[in-house]
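Below is one structure; the comments refer to it alone.
The values are calculated or read from the model by the stated rules, or taken from the named source; none is laboratory data. Keep in mind it's a predicted model, so treat the numbers as computed, not measured. Counting neighbours? That spans all protein chains shown, and the Cβs are built from the backbone with ideal geometry, glycine included. Ligands, DNA and RNA are stripped out before the accessible areas are found, and what is left, the full protein with its side chains, is counted by its heavy atoms. Shrake-Rupley method; radii C 1.70, N 1.55, O 1.52, S 1.80 Å.
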Amino acid sequence: MAQRRAITGRSQEPRQRFAEELRTLRAASGTSLRALGERLGWDWSLFGKMEKGETLGSPEVVQALDTHYGTPGLLLALWELAARDHTQFRERYRRYMALETQAVSLWHFAVSVLPGLLQTPGYAREVLTAGGLKGKELDQQINARMGRRELLDGEQAPPFRTILSEAVLRTPLRDVGEWREQLEYLTDVAERPDVTMQVLPLNAGLHGLMNATVMFLRLTNGRTVAYTENGYWGDLIEEDAKVERLHRAYDAMRDLALSPAESRKFVLALLEEELCDP
């Protein structure tokens, strides 16, 4: 049987299709990104990132675009499909990603690498490249990771607490410019009302999560699940006793961390060092 051909020739992947439609509509209107930003009241760089697939934008932005282009509901429908698409992630992560989007609050500890929710494109590229990804799969996973950051955007964003081992912040990217951009992004995110960032100094000593990066998700039914990972695989933990054991280790470790205010000053000091370094 002959393989069915796509009628439109456009991408069948939700995120790529959404970005493609945005590019097509703007090109047809003859509007520049800067002019689009001025007309709709958002920074024009946001629309550029949306058209590249680096971010989905908020529903409010998409509705404004629907009105501007005269496509009532079309872009919002594509946005919803893209936001719910978990096939972009590797198979072993998909159930976790589905739960992450449903979480009403999140707690995280990073032992060696920044969490995907806080990574810039440059940081994600270097981390994923170090993990062996390249080519089309690398680009796809970077876009997927940038899409995850939507979870922390908007008024409905769930509370998110991250504790970063000092080792995470003492391991810079090879590209100095990309590392500065990542540190700047961290300081900006730390100011959001629903985000709490703390740094665990190296001199805090040993603790119960020395070898584990962990994320706790509190779900709508009141249950909490945990996800632990390293650079090669991850485990979703749903058994209550195991989750509670990890949670106790997390609470004890959190008591050793700097306060949110002290932690932001710590990151700002690192950024200042980078800016002063010739």
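Looking at 186, 258, 241, which one has the Cα that reaches farthest to the positive end of the dipole of the chain (charges on Cβ: Lys, Arg +1; Asp, Glu -1)?
241
Based on DSSP H runs of at least 4 residues, each adding -39500 (n - 2.57), what is the mean residue ellipticity at 222 nm of the chain after dividing by all its residues, to the nearest 500 deg cm²/dmol?
Counting only the DSSP helices, I get -15000 deg cm²/dmol.
Going toward the positive end of the dipole of the chain, with +1 on Lys and Arg Cβ and -1 on Asp and Glu Cβ, which of 44, 96, 222 do you reach last?
Farthest along the dipole direction, towards plus: 96.
Report the accessible area of residue 175, computed with a 1.4 Å probe over the heavy atoms of all protein chains in place, in Å² rounded to the nearest 10.
80 Å²
Report the label-to-label distance for residue 34 and residue 68 in nanometres (one decimal), using points 7 Å from each Cα along the Cα→Cβ vector.
That separation, rounded to one decimal, is 1.5 nm.
Give me the Kirkwood hydrodynamic radius of the chain in Å, from all C-alpha pairs, to one decimal place?
20.4 Å
Using per-residue counts of other Cβ atoms within 10 Å, averaged over each peptide, order 177-183, 160-166 from highest down. Mind showing how you got there, number by number?
Numbers: 177-183: 18.6, 160-166: 22.1.
Per-residue Cβ counts within 10 Å, averaged per peptide and sorted highest first, yield 160-166, 177-183.
Rounded to two decimal places and with Rh computed the Kirkwood way over Cα pairs, what is Rg over Rh for segment 160-238?
1.00
Can you give the translational diffusion coefficient of segment 108-222 in µm²/s, computed by Stokes-Einstein from the Kirkwood radius over Cα pairs at 10 °C and 1.306 mPa s?
Diffusion coefficient, whole number: 104 µm²/s.
Only four residue types carry charge here, +1 at the Cβ of Lys and Arg and -1 at the Cβ of Asp and Glu. Report the dipole size of the chain about the Cα centre in Debye, rounded to the nearest 20.
940 debye
Round to the nearest 10 and report in Å² the accessible area of residue 223, as given by a 1.4 Å probe over the protein chains' heavy atoms.
90 Å²
I'd like the carbon and sulfur percentage of the solvent accessible area for the chain, probe radius 1.4 Å, heavy atoms only, ligands and nucleic acids excluded.
Numbers: 7650 of 15290 Å².
Answer for the chain: carbon and sulfur cover 50 percent of the accessible area.
P(r) tail for segment 152-191, what percent of Cα pairs lie past 11 Å?
Distances greater than 11 Å cover 73 percent of the Cα pairs.
Over the alpha carbons of segment 86-175, what is the largest minus smallest coordinate on each principal axis, giving the biggest first in Å?
Reported extents, whole Å, longest axis first: 35, 33, 23.
Once ligands and nucleic acids are excluded and a 1.4 Å probe is used, how much of residue 242 is accessible, expressed in Å² to the nearest 10?
We get 110 Å² for residue 242.
Want the number for residue 156 to residue 269: 0.36 nm per residue separation, take away the alpha-carbon distance, what's left?
Between residue 156 and residue 269, full extension yields 37.6 nm more.
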